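Data block below; observations after.
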Amino acid sequence: MNEEEEASQATRQRFEDLCRALNMDEAAGDEAWRNYEKINKNYTLEGSELHWLACSLYVACRTAVPTVGKGTAEGNYVSLTRILRCSEQSLIEFFSKMKKWEDMASLPPHFREHTRKLERNFTVSAVIFKKYAPIFQDIFRDPSQDPPRVQRSRKQRRRHPCTVSEVFSFCWILFVHAKGNFPMISDDLVNSYHLLLCALDLVYCNALLCPGRKDLLNPGFKGLPEEFGSKDYKPGPGPLGFIEKLCELHDGLVLEAKGVKEHFWKPFIKKLFDKKILKGKEENLTGFLDPVNFGDSFAALNRVYEEHVLATGSLDERIFLAEDASEEIGTPGQHHCVGAAEAMDHSTEAHSQSRAHAMRLSTPLTGRRYVRESSQQGTPVSMATQSVSRLHGLLSGLKHGPSAKLAQALRSCARDPTLVITSRVKEMFETFCLRYSGKGEVNASLFKDLTVKYFRLAEALYYKTLETVIDQERKRLGDTDLSGILEQDIFHRSLLACCLEVVIFSYRPPGEFPRVLEIFHLPPYQFYKVIEVLVRAEEGLFREAVKHLNRVEEQVLEKLAWKGESPLWESIREAKNRAPACQEVMQPQHLESTESPSASNTPVTPSRLSEIRAGKGAPVSPATLHDRYRSPPTGTARRRLFLDSDSTPEAGSPARAPQAPLVSSVPVQSIAAEAISITPVPGQTVVTMATATVTANNGQTVTIPVQGIANENGGITFIPVQVSMPSQAAGVGGSLQPLTAQTLSGTLTTQQLSGVASQVSTQNTPPVGQQAKAPAAHSPAENKPRKTGSLSLFFRKVYHLASVRLRDLCAKLDISAELRRRIWTCFEYSLVHCTDLMVDRHLDQLLMCAIYVMAKVTKEDKSFQNIMKCYRTQPQANSSVYRSVLISRRRRRSSSSSDSSARHSSPSEAGREHAGTPAPCPCAPAAPCPCRRPAAPPPRPPT
């Protein structure tokens, strides 16, 4: 027998010992071993073999559905806590390995969701336990001051007065059992915390009313009645309750606590009394702390909770009470002081990578310039309750419908959209209530109450935001009729969904995105457009919600919008199957300039954001709602290069500088133009010369001189230029046929360009130095991007996001500025000319590959392992980005028309197949390319 066989037999023996310790049934054990062998053959399993076997056993237990008693159970009644104890594995380590096991075993989504919810519930309980210990010690005496235990018989123990330590355990088990019976709030941090306050309130009142049990209470508690210390003190008639005082002292919200107490807590406790699990006085829910009742009540409560854990496959949250809690959970600390309370703060490196499930949000890289991380942010519970409090304050006094001002604004539109808006809200309300609560939930009626509560809050926020947005649009656009944008269904659905996301995040940090999009079937590419609209409209939106919306937008930009079924690809097809370049969508003042020798071959990169509203971390965007929802032009590109002398710019917008390229259908070689002299009116400033660049399909360009007058608004009114063709083109010797500005604004025909001369001849053309200084006269127009519309806005945000992440990675990898510019060249070229690379992929994958490729080309020593190591330090980093990478997709063939085949392929592929051209070279134009060099170098960055 060789060493490999001996190792296999030793592993098998340890597995059988584990199964015997767990009393595992034979079917589940055999399935677990088969799955382990299969995974072990295909993957390298690092660490203890017993830990991986525990993962396999847990999966086998959860997939088994045996008949138990009157019905079926979700598993085979094997406790997860026992599996971890017998395999000597901590809880945090189990969650880390379980995620890897799910990927290796390709487990179904519903199982992954169960594990995610299990970890989420554990996170909520760990955070709340950190608050539980100090609150308990504020109300009751210190458990460490209990007298030493005396050995007694079982009957004596049942009748002996309870100690403070036993009350501590009893109150916690009562809370976790209640939380486990309400799945809708088990991972809701705010409601779960108020459920704990209800448990403390009930136990406190029982101790206060129980004869001879006042010794359990802390005399210094501020919530005690003033006459409590007197011997003659007797509680007054009616139910006792100190929930308001607890909320005041410990970050609670009175309104939320009272709601939880009435809808969840009281019905649950009454049920325990009805089933004789808690013994005492049912009329006022007291008496279970009496010596004659406490022992039986404590034992029965432990029994029913353990049955619930085994039946549902939940985590046994009594683990927080164990003496070795820190070891079982996997965190350093001491019992009742740190222990499990530090579970989210001192987790292992593997678990810290899944910080998307943590209570406290990390500020995204794009917002760290504006929002600094604070070490005194408070606890996750206090932050969550403050967020809900701010949300209620923001919506205070608002009703679930349009205000009088909003109703008047809607009626003033050419087509009143009020009826359509209210009908849409009603339809979305019904959809949300149906799909968010789900089917077959325990206590479904209570879950529906929560769902209605979330939607009503979101509805109030929606109408408030809509009113503010309409006011802002009218200030920017004047008296322009807003019927067009207010009739866009996708805008209203996205805005209401975004408001729901804010509400859900407030109660259940870090939120459940993109669940809201899945409920309403909203395309992420359309949804993200309202995020900035909402943030700018609501000044009172709290900081954590803004950070969350920032991260949501990044998730759309980096991955969700690039899905194969995304409307983004349709927008790219309408833009002639070409993604816009960085210089075309970014404002010139936001582009990086460089004076390096290779600057002429280096595309610019976005370097910074504009000014922002204080504390909001979102850049000012000049885009109106019309710009955000405007599709790119279809068909032949047509753009007015000049304004007629008798025309004026639109209200609120100065004339654009003639920098947009003109796309011609045939090669352009030269055009002769005649300048027109201008007689200025007194008080006007004459722009002696400016230039417009005309670009043909083959990449050739020609510069046309123009003249204009600066108007009072800071814009420039350009004068039409007579552009004449040579006599050969006209067919009449010596005569010239003029090309007007209106002709240039369309597509030049072959007849107009058939006899083009070899050089540009202009009259009164100033020297080159004067031409270079001319653009400074119309700087307001230069501050605008060359391309606008929804697609350009999307790519502007994508380029900014990519530049921020690239700069961070290059700084951590110690990459020079020159190499960073070359990496950007490679990245931008891939995004523009090989856009289909992003289909079903992640933006960070393209960035890391660009870094690796350009480092190899330039002989820099940057291993991919080191690149991933630096990437993992970024706040948005996720191991799935580099562990689950789409290598290639199966192309779907169609034997019908070419249009059909284009629909099955990505946009850039469809464009290349239709044009019959080969795929572009993936090498960076700024770097030495073994395939071919670009026809013309990229434009020099603006100064």
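The values are calculated or read from the model by the stated rules, or taken from the named source; none is laboratory data. All figures in this text were calculated on a predicted structure; none of them were measured in a lab. Here the Cβ positions follow ideal geometry from the backbone for every residue, glycine too, while neighbour counts run over all protein chains shown. SASA here: full protein model, heavy atoms, side chains in, ligands and nucleic acids out. Shrake-Rupley method; radii C 1.70, N 1.55, O 1.52, S 1.80 Å.
The table that follows gives values for the structure above.
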quantity	calculated
Unique match (being closer than 19 Å to R435 by Cα and of a type in the set (A, V, I, L, M, F, W, C)) among L482, L522	L522
Filter result (of a type in the set (A, V, I, L, M) and over 47 Å from the mean Cα position of the chain (by Cα)) within segment 1-20	M1
Segment 388-413 residues that are exposed (fewer than 15 other Cβ atoms within 10 Å of the Cβ), paired with ones that are among the small types (G, A, S) and assigned to a loop (DSSP other than H, G, I, E, B) (beta carbon under 9 Å, 6 or more apart)	G393/G540
Where E113 falls short, out of the listed (1) assigned to a helix (DSSP H, G or I); (2) within 23 Å of R34 (Cα to Cα); (3) modelled with pLDDT under 90	(2)
Single condition L541 does not satisfy, out of (1) part of a helix (DSSP H, G or I); (2) open to solvent by less than 10 Å² (accessible area, probe 1.4 Å); (3) out of contact with any Leu (no Cβ under 6 Å at 6 or more places or on another chain)	(1)
Residue list for segment 228-270, restricted to those being at pLDDT 90 or above, basic (K, R) and under 22 Å from G280 (Cα atoms)	K261, K266, K270
Odd one out for L107 among (1) assigned to a helix (DSSP H, G or I); (2) over 30 Å from K222 (Cα atoms); (3) at pLDDT 90 or above	(1)
Subset of segment 34-47 that is touching an Asp or Glu at 6+ places or on another chain (Cβ under 9 Å) and at pLDDT 90 or above - its residue that is farthest from T81 (Cα to Cα)	N40
When residues of segment 40-54 are limited to those that are charged (D, E, K, R) and assigned to a helix (DSSP H, G or I), the one least open to solvent (accessible area, probe 1.4 Å)	E49
Residue in segment 180-201 that is among the β-branched types (V, I, T), under 13 Å from Y132 (Cα atoms) and at pLDDT 90 or above present	no
Enumeration of residues in segment 24-40 that are in contact (Cβ under 8 Å) with a residue 24 or more places away in the chain and among the polar types (S, T, N, Q)	N35
Checking T835 against (1) within 20 Å of the chain's Cα centre (by Cα); (2) under 30 Å from L625 (Cα atoms); (3) not acidic (D, E), the condition it does not meet	(1)
V604 assigned to a loop (DSSP other than H, G, I, E, B), of a type in the set (A, V, I, L, M, F, W, C) and modelled with pLDDT under 95	yes
Among the residues listed as E501, E532, E538, E512, the single one being within 24 Å of I470 (Cα to Cα), of a type in the set (D, E) and under 12 Å from the mean Cα position of the chain (by Cα)	E501
Qualifying positions in segment 307-330 - open to solvent by 30 Å² or more (accessible area, probe 1.4 Å) and free of Cβ contacts under 8 Å to residues at least 60 places away in the same chain	E307, E323, D324
